[in-house]
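Just so you know, all these numbers are worked out from the coordinates, no wet-lab data involved. All values reported here derive from a predicted model rather than from experimental measurement. Using ideal geometry, Cβ is built from the backbone for each residue, glycine included, and neighbour counts are taken over all protein chains shown.
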Amino acid sequence: MPGGDALENFVYLAIIAQFSKNSVYFYRTTAGSEIDFIIEKDNGKIILCESKYRNNPHTPLAMKAFVQKYPKQVEKMVIVTRDVLKQQENIYFIPASIFPFVEM
């Protein structure tokens, strides 16, 4: 299993292949909650992206809290997983092996 930093770097490189570096942000609250990537699209909408290389990934609390705070801005949430591929409303679980090939 790749380390967390290696996976985050992999995900970041895949994201900047689709979006400008200037539209990708890291998010951390004063309490220490964080979201790996916040992508601001040209239309002003936001994609939240988190890398979780696990067998049973879940939607992180930080993402849920962000959506509660900014419900109209968040277009979707993407969680890069080990091997889970599924969609729950606007939450997309995508395996790392195919993530670079998915248009966000």
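Can you tell me which of 67-73, 15-21 comes out highest on packing, and rank the rest after it, using the mean Cβ neighbours within 10 Å?
My ranking of the peptides, most packed first, is 15-21, 67-73.
State the antiparallel share, in %, of DSSP beta bridges confined to the chain, rounding to the nearest 5.
Expressed as a percentage, antiparallel bridges in the chain total about 50.
What are the ³J(HN,Hα) values, in whole Hz, obtained from phi via the Karplus relation 6.51 cos²θ - 1.76 cosθ + 1.60 with θ = phi - 60°, for each residue of the stretch 35-40 in sequence order, with x given for Gly and Pro?
Karplus values, whole Hz, x for Gly and Pro: 10, 4, 9, 10, 10, 9.
So what is the relative contact order for the chain, in percent, with contacts set as C-alpha pairs under 8 Å and at least six apart?
22 percent
Counting only other residues whose beta carbon sits under 15 Å from that of N22, what net charge do I get with K and R as +1, D and E as -1?
Numbers: positive: K21, K41; negative: E40, D42.
Neighbourhood net charge equals 0.
Calculate the spin-label point distance for N43 paired with K69, positioning each point 7 Å from the Cα along the beta-carbon direction, and give it in nanometres.
2.4 nm
Give me the one-decimal nm value for the distance between modelled label points at A31 and H58, 7 Å along each residue's Cα-to-Cβ direction.
With each label placed 7 Å out from Cα toward Cβ, I get 1.6 nm.
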